[in-house]
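Notes follow the structure.
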Amino acid sequence: MKKLIIEHSRLICFFVFVLILVLGLGLLKWRIWNTYETNLPEKDPVVKQERKVKKVFGKHQTVIIGIEGGRGGIFNISGLKKIEKISEEAEKFCLVEKGSVKSLCRGGVVREENGMLKTGPLMRNSPEKPEDIEQLKKEVRESELVYGKLVSKDFKAGLVVFDVSGEEKFRGKIHKWLERIKKKYERPEKVLITSIGYMHEEIDRGIERDVYLLTGIAFVGIIFLIFLIFGKWGAIFSGIVIGGAIVATLGTLLYFFPIKVLTITIPVIIIALGSSYCIHILVNYSRVQKEISDTLDRVVKPIFMAGFSSLIIPLLMFEIPISPVRQFAGFMALGIFLVTVFSLLLMPAMLNLKKPEMKIHSWVWRAEKLSKVSFWSLKHKKLIFAIAILLIFLSIFGILKVPLRSGLAPVEFFPENHRIRNTHEWLQKFQAVDYFKVMVSGDILNPDTIRKIEKFCEFAKNQPEVGNVFSVVNVVKEINKVLAGKKEIPKDSKKLKNILYLYEMSVSPYEFAKLIDISYRHSLIKIGIRTWDTEVQRDVYLKLRSFAEKEGLKVDFGGSPIIWIANNFYIAKGQWFVVKVGLPLILLFCCIVFRSLKWGALSVIDLILIVLVAFGVMSYQGIRVNIATVVVAVLTIGVGADFSLHFINRFLKEGELE
């Protein structure tokens with residue numbers, strides 16, 4: 001390898017630059033796209049359930065637009081007019097499903113009027129007289145289907161709810177339209193918007209901002225630091241190596257996939273590893289001055305070991321069967337491989353061609369006074385060991401006493417006080433921030449089935465984390481109250497059939513199809529959940545499923561909560577696998593490289609301490625194991641191993657010289 005670099009430096013530079021150019025052309029396909037519903041493996045039982053529900057009740061996404069009034073609430077001329085106008089605009093938008101709009105002035109609300117059954121909106125036209133507004137308030141209070149669901153119980157806010165196309169290709173267009181609605185109707189009332197697609201689009205835009213800002217700051221910052229230490233040529237060559245690895249890795253990624261929430265971190269990890277390798281080479285080159293042969297003798301082995309050990313963790317992450325994690329793992333491995341190869345081939349080749357004089361600036365040598373800290377630790381070995389043992393004890397105690405939680409909801413990608421978070425907190429007025437969609441299979445025209453659904457819904461309502469629950473039971477009881485004077489499920493199957501047929505004729509085809517399928521073999525229950533904490537959602541899901549099985553009710557669960565529950569299960573399970581298998585593999589690798597169990601064990605002791613402290617701090621701080629903390633495993637184990645290997649290799653080398 002040394003001979004190849006010295007004799008063919010120009011050829012190496014040419015081929016590496018061509019490789020960077022070819023792979024980097026993939027950047028022309030630049031796109032950022034996150035869709036969490038398609039992350040799970042095809043055979044996962046949750047995916048099968050979700051598909052069953054979507055097959056019967058459609059793939060649409062629900063959008064919620066909230067309008068909040070000031071001190072006087074929403075029940076005034078301005079507020080009610082705004083609900084009416086937004087409802088009209090929603091009906092006209094081409095991507096809103098026809099007949100899906102629900103608000104005070106849209107949708108089929110079942111109620112009694114002058115002793116007759118009536119279905120339709122409570123508000124045909126927005127009232128302008130105070131007495132008409134008070135009458136509308138009264139009607140809202142009496143409607144179980146509106147009060148607390150489309151209008152908050154304090155009458156300060158109202159909702160316009162509708163379904164849009166679930167096709168991912170329309171997500172940007174829908175987001176743009178919703179932003180226009182928000183801007184148009186924002187004042188004096190407050191307009192808040194939420195939907196899964198809307199959140200995903202906001203996440204994508206946040207990622208795009210971060211990739212330019214944070215990657216740029218990290219890259220420019222590290223190159224500037226190298227410039228201060230090694231001068232112009234050290235900074236230029238390091239920039240080419242690190243920048244080339246980033247361009248080649250992201251370019252290759254974009255040939256096949258869009259940028260996602262995890263893969264966006266790849267450039268930062270390449271910068272961390274690449275700067276370490278480049279600095280190691282430049283330090284050794286500055287000591288021998290223009291003798292690239294001696295430099296290679298010093299750096300090839302430790303950089304190769306560091307690069308190889310860093311590959312172990314990303315490769316283990318293929319155990320997690322979630323597509324963004326596997327994409328991250330595969331292209332992170334590619335990035336580590338490229339930055340290692342570029343450091344070992346391209347950097348020495350450029351140094352050999354240019355042969356720049358390079359001296360480490362004097363201020364850096366003065367910083368070697370920091371080495372007194374290391375000498376202090378040698379003089380106080382017992383104290384250092386005691387601190388390490390204390391950290392291990394506290395970390396283990398924290399993990400056992402405050403068990404690591406898992407889970408991450410889409411809303412938690414946003415910082416505190418972000419409008420998406422504020423919207424979800426605001427939705428607490430309506431007792432739900434998200435919904436389980438539970439499909440019941442059976443004879444919906446059989447009163448026994450309806451009673452089982454009623455019992456299931458009552459059980460759901462009794463869970464403290466559950467808010468609104470809507471099912472066919474609500475409709476049957478409301479209509480029976482008008483027809484028979486009793487708000488109950490009729491015992492006679494003929495009466496039940498008449499009620500459901502009457503409802504089918506009274507509302508829009510779309511509204512009916514979202515509750516009961518045309519064959520009357522399936523019915524949908526919407527269960528509002530008050531929190532986006534996926535551990536809480538998982539507990540609710542398990543309770544509901546267990547109760548349904550106990551009652552002999554055949555159900556399938558859908559909705560975004562169930563998708564996130566499954567995602568987080570795989571993430572938590574996979575991250576523990578990476579840690580418990582990755583550390584022994586790195587230990588084995590180090591033992592083989594150093595041909596010693598003692599030196600191999602010393603190489604991973606600090607890694608074990610780092611992992612324990614990291615997870616201990618996460619326990620104490622309530623930071624959950626989720627798709628975002630997957631990067632912790634790569635950084636703490638993969639990057640941490642590099643420093644151990646560099647140090648021990650140098651220590652043993654000095655011993656040989658002595």
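The values are calculated or read from the model by the stated rules, or taken from the named source; none is laboratory data. Since the structure is predicted, the reported quantities are computational estimates derived from the model, not experimental observations. Because the Cβ atoms are built from the backbone with ideal geometry, glycine has one as well, and the counts that use them run over all protein chains shown. To get the accessible areas, we keep the full protein, side chains included, count just its heavy atoms, and leave off ligands, DNA and RNA. Shrake-Rupley method; radii C 1.70, N 1.55, O 1.52, S 1.80 Å.
Structure values in brief
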{"item": "The chain - percent of accessible surface contributed by carbon and sulfur, probe 1.4 Å", "result": "62"}
{"item": "Magnitude of the charge dipole, segment 428-533, Cβ model with Lys/Arg +1 and Asp/Glu -1, debye to 20", "result": "300"}
{"item": "Distance from segment 209-225 to segment 515-561 (C-alpha centre basis), Å", "result": "46"}
{"item": "Accessible area per residue in Å² at 1.4 Å probe, computed on segment 20-179", "result": "50"}
{"item": "Cα-based Lys proximity count in segment 230-369, under 17 Å, for pairs eight or more positions apart or on separate chains", "result": "7"}
{"item": "Relative intensity, log₁₀ I(q)/I(0), of segment 40-168 from a Debye sum that treats every alpha carbon as a point, q = 0.16 Å⁻¹", "result": "-0.83"}
{"item": "In nm, spacing of pseudo-spin labels at ASN498 and LYS43 (7 Å Cα→C-beta vector)", "result": "5.3"}
{"item": "Solvent-accessible area per residue for segment 266-352 (1.4 angstrom probe, square angstrom)", "result": "27"}
{"item": "Estimated distance in nm for a label pair at TYR212 and GLU167, the labels positioned 7 Å out from Cα along Cα-to-Cβ", "result": "2.9"}
{"item": "Gyration tensor verdict on segment 171-223 (Cα atoms; rounded if a/c is under 1.5, prolate if a/b is larger than b/c, oblate otherwise)", "result": "prolate"}
{"item": "If the convex hull is drawn through the Cα atoms of segment 38-83, its volume per residue in Å³", "result": "128"}
{"item": "Exposure ranking of TRP376, TRP177 by accessible area [1.4 Å probe, largest first]", "result": "TRP376, TRP177"}
{"item": "Spatial separation of Cα centroids for segment 279-315 and segment 458-513, in angstrom", "result": "72"}
{"item": "When the convex hull of its Cα atoms is projected in every direction, mean area for segment 502-635 (nm²)", "result": "13.2"}
{"item": "Span-like helix ranges in the chain, DSSP H, alpha carbon extent 15 angstrom or more, Kyte mean at least 0.5", "result": "9-24, 196-230, 232-256, 266-288, 292-316, 323-341, 381-401, 472-484, 560-594, 597-621"}
{"item": "Solvent-accessible area of SER506 with every protein chain in place, 1.4 Å probe, in Å² to the nearest 10", "result": "40"}
{"item": "Heavy-atom SASA rank of ILE196, ILE396 (probe 1.4 Å, accessible area, largest first)", "result": "ILE396, ILE196"}
{"item": "Solvent-accessible area per residue for segment 384-496 (1.4 angstrom probe, square angstrom)", "result": "48"}
{"item": "Alpha-carbon Rg with Dmax, taken over the chain, Å", "result": "31.3, 104"}
{"item": "Residues whose placed amide H lies under 5 Å from that of ILE529, excluding near-sequence neighbours", "result": "VAL433, ASP434, TYR435, PHE436, GLY467"}
{"item": "Over the chain: helical MRE at 222 nm, DSSP H runs n ≥ 4 each giving -39500 (n - 2.57), nearest 500", "result": "-20500 deg cm²/dmol"}
{"item": "Sum of side-chain charges, ILE312 neighbourhood, beta-carbon under 14 Å (Lys, Arg +1; Asp, Glu -1)", "result": "-1"}
{"item": "Unit charges at the beta carbon, dipole of the chain: most positive-side option, GLY239, LEU95, SER152", "result": "GLY239"}
{"item": "Positive-end residue of GLY528, PRO348, GLY73, charge dipole of the chain with Cβ unit charges", "result": "PRO348"}
{"item": "Cross-link table LYS52/LYS98; LYS495/LYS526; LYS92/LYS495; LYS169/LYS452; LYS59/LYS85, entries beyond 29 Å C-alpha to C-alpha", "result": "LYS92/LYS495; LYS169/LYS452"}
{"item": "Percent of beta bridges antiparallel (DSSP, the chain, rounded to nearest 5)", "result": "95"}
{"item": "For segment 243-309: rounded, prolate or oblate by the Cα gyration tensor [a/c cutoff 1.5]", "result": "prolate"}
{"item": "Cβ-placed point charges (K, R +1; D, E -1), dipole of the chain about Cα centre in debye, nearest 20", "result": "340"}
{"item": "Farthest positive-ward along segment 543-602 dipole, Cα basis, beta-carbon charges - from VAL593, GLY552, TRP564", "result": "VAL593"}
{"item": "Reachable lysines, given that their alpha-carbon falls under 16 Å from the alpha-carbon of LYS153 and they are not under 8 places away in the same chain", "result": "LYS137, LYS138, LYS429"}
{"item": "Debye equation applied to the C-alpha atoms of segment 133-199, log10 I(q)/I(0) at 0.12, 0.21, 0.28 Å⁻¹", "result": "-0.44, -0.94, -1.19"}
{"item": "Positive minus negative residues near GLY574 (Lys, Arg vs Asp, Glu; Cβ under 15 Å)", "result": "+2"}
{"item": "Where only C-alpha atoms are counted, convex hull volume of segment 255-353 per residue in Å³", "result": "85"}
